[in-house]
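This report concerns only the one structure given below.
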Amino acid sequence: EAGVAQSPRYKIIEKRQSVAFWCNPISGHATLYWYQQILGQGPKLLIQFQNNGVVDDSQLPKDRFSAERLKGVDSTLKIQPAKLEDSAVYLCASSGGVRSTDTQYFGPGTRLTVL
Amino acid sequence: AQSVTQLGSHVSVSEGALVLLRCNYSSSVPPYLFWYVQYPNQGLQLLLKYTSAATLVKGINGFEAEFKKSETSFHLTKPSAHMSDAAEYFCAVTAPSSGGYNKLIFGAGTRLAVHP
């Protein structure tokens, strides 16, 4: 079974530029998550989708971050404009259900460096 | 509100020694707890999870964790460390999100080093 795919793996941009990350979850997984992992910290949830609907975006900086999940499959996360403090690894995860015991499966992440 | 505290950002052990990584949680509801491992330049991989079925949970790669409600702890152990265990380990607790769904709250992580 293929895992969660993410691209690109690495991205370097200047501050105030825009950037987009792509995620393809495990086939059939209805729930998709985007996390931000700053160096030395644990992952922090940015946004959670159930199919193509947003169920939690309370930690998403909506003035600069946006995300969509068209057709309930792939998802993109965009930052515009980027700030220095956005340098982090952006992880995508998916799960097959919504129960609190369901395992989340993580992709390899996209490492963003903002100069 | 739910939270996780991992004691010790760095732990170093000798190969063959006991591994003990500490995790304490705070939860307003009966918790579900997870341990994930992250190898360099990779995503997180589930080691084990506590779902209230049994307090001693066995996971992959010889790891296990014991849920202790009285101590609000979920420490991760392995009897004998291997060089390949060197990685970062994250403890997580479930928390309610909007609309009746659930999300994970992660600790800051513990980096495990194994030396010969």
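Here are the numbers:
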quantity: Residue in region A:47-69 that is touching a residue at least 40 places away in the same chain (Cβ under 8 Å), out of contact with any Ser or Thr (no Cβ under 6 Å at 6 or more places or on another chain) and surrounded by 16 or more Cβ atoms within 10 Å (Cβ to Cβ) present; calculated: no
quantity: Output for region A:101-115, where each listed residue is within 17 Å of B:Phe34 (Cα to Cα), more than 14 Å from the chain's Cα centre (by Cα) and either part of a strand (DSSP E or B) or of a type outside the set (S, T, N, Q) (or both); calculated: A:Asp102
quantity: Filter result for the condition that a residue is in contact with a helix residue (DSSP H, G or I) (Cβ under 6 Å, 6 or more places away or on another chain) and either in a strand (DSSP E or B) or at the interface with chain B (Cβ under 9 Å from one of its Cβ atoms) (or both), over A:Val89, A:Val55, A:Val98; calculated: A:Val55
quantity: Condition met for A:Ala88 (at pLDDT 95 or above, among the hydrophobic types (A, V, I, L, M, F, W, C) and crowded, with 23+ Cβ neighbours inside 10 Å); calculated: no
quantity: Within region A:16-31, considering residues that are in contact with a strand residue (DSSP E or B) (Cβ under 7 Å, 6 or more places away or on another chain) and of a type in the set (Gly, Ala, Ser), the one farthest from the other protein chains (Cβ to nearest Cβ); calculated: A:Ser18
quantity: First in region B:4-19 and under 25 Å from B:Pro31 (Cβ atoms), second anywhere and among the charged types (D, E, K, R), Cβ under 7 Å, 6 or more apart; calculated: B:Gln6/B:Arg22; B:Leu7/B:Arg22; B:Gly8/B:Arg22; B:Ser9/B:Arg111; B:Val19/B:Lys78; B:Val19/B:Asp85
quantity: All strands (runs of 3 or more DSSP E) inside region B:42-116 with 1 or more residues being away from every other protein chain (no Cβ under 14 Å), of a type in the set (Phe, Trp, Tyr) and free of Cβ contacts under 8 Å to residues at least 12 places away in the same chain; calculated: none
quantity: Matching residues in region B:19-50 - criterion: being among the hydroxyl-bearing types (Ser, Thr, Tyr) and under 24 Å from A:Val4 (Cα atoms); calculated: B:Tyr32, B:Tyr36, B:Tyr39, B:Tyr50
quantity: Top-ranked residue in region B:23-35 [being surrounded by 17 or more Cβ atoms within 10 Å (Cβ to Cβ) and in contact (Cβ under 8 Å) with a residue 60 or more places away in the chain; ranked as farthest from A:Thr101 (Cα to Cα)]; calculated: B:Cys23
quantity: Residue satisfying all of: in region B:1-18; of a type outside the set (Gly, Ala, Ser) and touching a Pro at 6+ places or on another chain (Cβ under 8 Å); surrounded by the fewest Cβ atoms within 10 Å (Cβ to Cβ) among these; calculated: B:Leu18
quantity: Identity of the residue in region A:32-52, more than 9 Å from chain B (Cβ to nearest Cβ) and part of a strand (DSSP E or B), that ends up nearest to A:Thr113 (Cα to Cα); calculated: A:Gln36
quantity: Which numbered condition A:Pro61 fails, given (1) outside any strand (DSSP E or B); (2) touching a helix residue (DSSP H, G or I) at 6+ places or on another chain (Cβ under 8 Å); calculated: (2)
quantity: Odd one out for B:Gln45, checked against (1) over 23 Å from A:Ser94 (Cβ atoms); (2) surrounded by fewer than 18 Cβ atoms within 10 Å (Cβ to Cβ); (3) of a type in the set (S, T, N, Q); calculated: (1)
quantity: Boolean, A:Ala82 is farther than 18 Å from A:Arg16 by Cβ and either at pLDDT 95 or above or in a loop (DSSP other than H, G, I, E, B) (or both); calculated: no
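The values are calculated or read from the model by the stated rules, or taken from the named source; none is laboratory data. Only a predicted model underlies this, so the values are computations on that prediction, with no experimental measurement involved. Using ideal geometry, Cβ is built from the backbone for each residue, glycine included, and neighbour counts are taken over all protein chains shown.
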